[in-house]
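A.B. asks: Attaching a single structure in structure tokens format; questions to follow.
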Amino acid sequence: MERPNWAPGDVDLERPSIARVYDYWLGGAHNFAVDRAVAERTLEAMPDLRGVVLHHRAFLRRVVRHLLRRGVRQFLDLGSGIPTVGNVHEIAQHADPGARVVYVDVDPVAVAHSRSLLSGNGRVGVLQADVRDFGGVLGSPEVSELLDFDEPVAVLMIALLHFVSDEEDPRGVVAGYRDHLAPGSFLAVSHAGYDGDEESAASREARKIYDDDVTPMTLRGRAELTRLFDGFSLVEPGVVRVPAWRPESPDDVPEPDGRFPGFAALGRKAQR
């Protein structure tokens, strides 16, 4: 296929990526035919999947607004993906033009488009890195020169940690960032998963397509997500289904059966 002018030259046009498939589900245009094909196949298996993704995005907006009300003005968005309307810097800098944001993603298309979009905004940084390398991320110039870790920072892991397997130690990854944060900092997480045997046949079919064609996912339940917040005090309402975290409109409420396939929470690092 012909390479779009926004795609870096080293991107494999025949291999789908997490960021570009997600971009397609969100209605974005920075994706390839191979991304759209696998995205459509998963939607055929699980038609409400796009709505699930939009709920994770809505949680991001709600939690950033909540953090701004709590006085947070520094954000580290890990696994940030391809920019779409309602990004962290748009919300934060609308409230306070001095707010600072660093976006981190491993996908070169996400990073290239972010850098192009944010050129000239000196209070926003973009870093291409694997978020599991917390030492490399935290020690990078993009992060260390823009964020002051002697003051509260909000670390955002939205729809991210289900791509970190148990063998890759998600608790260790979270702890690596936590230990670098000042007391009073925050961690926001949304995560795909179910409790017990809730997962439907449609979800299992969609997940198999995604696991085979994009990357494996590890679903985790409420108790597993709670353990990721070791060292943080959970902010009310604690670990809940994604749409149930401080809903702001009728569109934010969970499905009647309460089995939304994912959980979300916000934690605050304890004061010394």
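The values are calculated or read from the model by the stated rules, or taken from the named source; none is laboratory data. A quick note: this is a predicted structure, and the numbers were derived from the prediction, not measured. Here Cβ is always computed from backbone atoms with ideal geometry, including for glycine, and neighbour counts include all displayed protein chains.
A.B. asks: In the range 93-129, what residues are under 18 Å from V72 (Cα atoms), assigned to a helix (DSSP H, G or I) and out of contact with any helix residue (DSSP H, G or I) (no Cβ under 6 Å at 6 or more places or on another chain)?
C.D. replies: Within the range 93-129, Q93, H94 qualify.
A.B. asks: Can you tell me which condition A110 does not meet? The list is (1) closer than 26 Å to H180 by Cα; (2) at pLDDT 90 or above; (3) in contact with a Ser or Thr (Cβ under 8 Å, 6 or more places away or on another chain); (4) of a type in the set (A, V, I, L, M, F, W, C), and all the others hold.
C.D. replies: Tallying (1) closer than 26 Å to H180 by Cα; (2) at pLDDT 90 or above; (3) in contact with a Ser or Thr (Cβ under 8 Å, 6 or more places away or on another chain); (4) of a type in the set (A, V, I, L, M, F, W, C), A110 fails exactly one: (2).
One line per residue, one yes/no per condition, for (1) touching an Asp or Glu at 6+ places or on another chain (Cβ under 8 Å); (2) at pLDDT below 95; (3) hydroxyl-bearing (S, T, Y); (4) closer than 23 Å to V164 by Cα:
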| position | (1), (2), (3), (4) |
| --- | --- |
| F75 | no, no, no, yes |
| G86 | no, yes, no, no |
| Y103 | yes, no, yes, yes |
| G122 | no, yes, no, no |
| L127 | yes, no, no, yes |
| D133 | no, no, no, yes |
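A.B. asks: I've got another one for you. Using beta carbons and a limit of 9 Å, which pairs, at least six apart or on different chains, have the first residue in the range 48-61 and closer than 17 Å to E248 by Cα and the second one basic (K, R) and surrounded by fewer than 19 Cβ atoms within 10 Å (Cβ to Cβ)?
C.D. replies: As it stands, the answer is F59/R246, since those pairs meet every condition given.
A.B. asks: Residue under question is E205, and the condition is that it be of a type outside the set (K, R), modelled with pLDDT under 95 and surrounded by fewer than 17 Cβ atoms within 10 Å (Cβ to Cβ); does it hold?
C.D. replies: No; evaluated as a whole, the condition is false for this residue.
A.B. asks: Would it be correct to say that R41 is under 16 Å from the mean Cα position of the chain (by Cα), in contact (Cβ under 8 Å) with a residue 60 or more places away in the chain and in a helix (DSSP H, G or I)?
C.D. replies: Judged against the criteria, R41 is not a match.
A.B. asks: Within the range 137-146, identify whether any single residue is in a loop (DSSP other than H, G, I, E, B) and surrounded by fewer than 16 Cβ atoms within 10 Å (Cβ to Cβ), and answer yes or no.
C.D. replies: Yes, there is a match, as at least one residue in the range 137-146 is in a loop (DSSP other than H, G, I, E, B) and surrounded by fewer than 16 Cβ atoms within 10 Å (Cβ to Cβ).
A.B. asks: Moving on to the next point. Given the residues P152, P237, P183, which is the only one that is over 21 Å from D35 (Cα atoms) and either without any contact (Cβ under 8 Å) to a residue 12 or more places away in the chain or part of a helix (DSSP H, G or I) (or both)?
C.D. replies: After ruling out the rest, the residue left standing is P237.
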